[in-house]
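Quick notes on the structure that follows.
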Amino acid sequence: MLLDTVFPSLINHNVNISSTFIFYSLLVPTFILLYIYWKLSRRHLLNLAEKIPGPKGYPLIGNALDYVGSNTDITYLLNNVHTKIRIVFECPKRVSKCISFLDIFYNTYKYSFIYKTVCRVWIGPKLLTFLMDPRDVELILSSQTYINKGSDYSFFKPWLGDGLLISTGDKWRRHRKLIAPTFHLNVLKSFIDLFNANSRGVVNKLKIEVGKTFDCHDYMSEATVEMLLETAMGVSKSTQDKSCYEYAMAVMKMCDILHLRHTKVWLRPNWIFSLTKYSQTQTKLLEIIHGLTRKVIKKKKSDIQKGIHVSSADVPQDARTAECDVKEKTVVEGLSFGQSSGLKDDLDVDDNDIGEKKRGAFLDLMLEAAQNGAMISDEEIKEQVDTIMFEGHDTTAAASSFFLSLMGIHQDIQDKVIRELDEIFGDSDRPVTFADTLEMKYLERCLMETLRMYPPVPVIARELQEDVKLASSDLVIPAGTTVVIGTFKIHRRDDIYPNPDVFNPDNFLPEKTTNRHYYSFIPFSAGPRSCVGRKYAMLKLKILLSTILRSYRIYSDLEEADFNLQADIILKRAEGFPIQIKPRRLITT
Ligand code: HEM
């Protein structure tokens with residue numbers, strides 16, 4: 001009693017001390033026990049991971065420090081979302097004379113020279129294994145089992161929902177079956193007029209750039225969005241407005257935000273990201289992106305209700321097959337629409353195996369399927385439209401921009417392309433036919449070489465649900481690993497491509513391709529989850545690029561050594577794609 005009165009604070013203090021003491025004496029062992037349990041439960045993964053070669057890491061964080069840096073000044077992302085992208089870079093690090101990379105990609109590429117075929121890194125508790133041997137890549141990509149995407153793809157969720165790129169399991173299989181036939185060559189052939197008209201539109205727009213240095217990516221990007229809307233979505237030109245450009249810019253900025261979340265580890269957890277200004281910018285960008293998607297679907301639905309069918313894929317069967325007599329075979333021997341002709345996927349099914357009902361452009365078919373039953377809901381259609389618009393746009397814009405830049409740099413190679421085009425078209429300014437595209441053998445080699453050196457999708461990731469024994473060695477990659485297929489590195493292996501950093505279209509001469517492993521050239525991935533737009537991209541690119549080169553000669557002040565490669569989600573050049581053009585013979589409408 002006396003003690004209470006005289007020393008109340010002391011007693012309270014004692015009580016506090018003892019409860020704090022009890023709390024900590026329980027907490028610490030709890031943590032230790034949890035840690036031991038966690039380690040034991042991961043024993044299998046850790047034991048197998050230990051055998052995989054890779055750089056030494058620090059306790060707990062592993063190699064995370066290698067992946068936190070980015071030289072990108074991203075402050076522009078916090079400004080007006082409608083302004084054109086502007087990125088400022090500091091001191092890019094040089095890897096070799098010909099390549100310079102920024103940020104995360106630099107470190108990964110550096111390791112690929114030390115570890116050659118397989119390399120393990122730890123990002124905190126997360127195990128990543130990079131595969132760079134075509135035999136191992138085949139094992140993963142050809143499998144129906146290892147089809148789950150890496151967890152990093154989840155950053156796409158607010159944008160693409162459960163679209164084809166990230167969905168998995170039954171949903172992915174069901175939707176892939178529905179979507180793949182809409183990119184069958186027979187449907188694509190009906191887009192040829194639209195590809196021609198839009199390519200001529202680009203030539204027209206480029207007139208104002210004659211004599212200037214300009215970023216061709218802006219034009220490629222806008223044209224790609226317009227073409228996708230007109231072809232796959234079946235939305236006529238007259239109903240499009242400046243939203244195409246706005247959309248293209250919003251997509252580019254969204255990619256930058258996703259890239260940021262990959263490189264800045266603290267932005268990965270959704271709850272932290274949602275507290276940042278980037279999250280607010282993302283919300284605004286998604287309003288623009290989803291705004292266009294919704295508009296497109298609404299317009300299409302109303303057209304269908306009114307009985308208006310804009311899509312050119314509804315052209316009569318005779319017209320569509322008129323040119324199909326020209327064999328669907330490969331243009332460049334050994335290759336078929338951007339991949340080794342030895343590889344087959346669901347885009348390579350025979351014409352006759354695509355039922356009459358399944359012929360149709362992408363959005364038509366999606367809406368039709370929704371009307372006819374519960375195969376796909378409205379929300380799922382929106383997710384797929386967003387996916388196709390993203391995958392179909394940024395990739396081809398990057399590929400065509402790299403191609404034009406390379407033509408500007410390698411004048412001798414451009415001479416050969418122009419000579420080939422002059423042989424095909426002579427003095428005529430007629431549109432490109434499907435048969436013409438089969439004659440563009442040298443142009444196609446240049447395109448393949450562009451995709452080899454600068455694959456728009458530089459890496460592909462899969463999450464392993466079970467252990468995988470590699471084909472190239474006795475190593476076993478444990479379940480729970482994120483396997484990263486290093487397309488960029490595989491395409492630059494000097495044992496597969498001699499002088500891999502030199503742009504040489506002859507790398508795709510038949511005698512060079514015959515003995516190459518099928519999986520040593522995979523710009524469109526391969527196997528069951530290959531790019532569904534591979535044939536679309538190849539056909540469109542050949543029409544677009546040949547029309548531009550029939551009209552203009554390309555020049556560049558820069559060399560390839562000046563490229564600052566930025567491996568966003570899509571491979572780009574940090575400085576943009578500056579070129580100059582001089583008119584040859586203008587092919588316009
Ligand atoms: C040069 C152009 C293109 C390149 C290099 C390219 C490359 C790729 C690659 C590498 C993948 C696999 C990605 C992964 O597994 O993470 C992919 C998937 C995909 N691509 Fe493309 N793509 C191009 C154009 C297109 C076009 C034009 C479209 C649509 C019109 C398209 C639609 C898709 C879709 C929907 C997927 C997901 C397929 C699935 O998971 O089942 N792509 N693309």
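Some observations on this one:
- Sorted fewest first by neighbouring Cβ atoms within 10 angstrom, Asp256, Asp394 come out as Asp256, Asp394.
- Shape call, region 407-495: gyration tensor on alpha carbons, a/c limit 1.5: prolate
- Taking 7 Å steps out from each Cα toward its Cβ at Trp271 and Lys441 produces label points 6.3 nm apart.
- Prolate/oblate/rounded label for region 427-473 (Cα gyration tensor, a/c 1.5): prolate
- Projected label distance in nm at Tyr58 and Lys512, using a 7 Å step from Cα toward the beta-carbon: 4.4
- Computed extension length for Ala461-Ile114: 122.8 nm, one decimal, from 0.36 nm per residue of separation with the Cα-Cα distance subtracted.
- Cut-off 15 Å between beta-carbons: net charge of the residues surrounding Lys116, Lys and Arg +1, Asp and Glu -1: +2
- In terms of overall dimensions, the C-alpha atoms belonging to region 443-502 reach 42, 22, 16 Å along their principal axes, ordered largest to smallest.
- Radius 12 Å from Cβ of Ser154, net charge of other residues (Lys, Arg +1; Asp, Glu -1): +1
- Once the Cα-Cα distance is subtracted from the 0.36 nm per residue extended length, the Phe23 to Lys416 segment shows a gain of 133.7 nm.
- Percentage, to the nearest whole number, of Cα pairs in region 132-171 over 14 Å apart: 54
- Residues Leu229, Leu267, arranged from fewest to most other Cβ atoms within 10 angstrom of their Cβ, appear as Leu267, Leu229.
- Counting every other Cβ atom within 10 Å of each residue's Cβ, His410, His44 order from fewest to most as His44, His410.
- Computed over neighbours whose Cβ is under 14 Å from that of Met132, the net charge equals +2, Lys and Arg +1, Asp and Glu -1.
- Overall Cα dimensions of region 334-492 - principal axes, largest extent first, Å: 55, 50, 29
- Leu65 versus Ser472: modelled label distance in nm, points set 7 Å from Cα along the beta carbon direction: 2.8
- 17 Å reach of a label modelled at Asp562, 7 Å along Cα-to-Cβ, counting backbone N of region 201-216: 211-216
Every number here is computed from the coordinates shown, using simple stated rules; none is lab data. Note that the structure is a prediction, hence the values are computed from the model and not measured. Backbone-built Cβ (ideal geometry, glycine too); neighbour counts: all protein chains shown.
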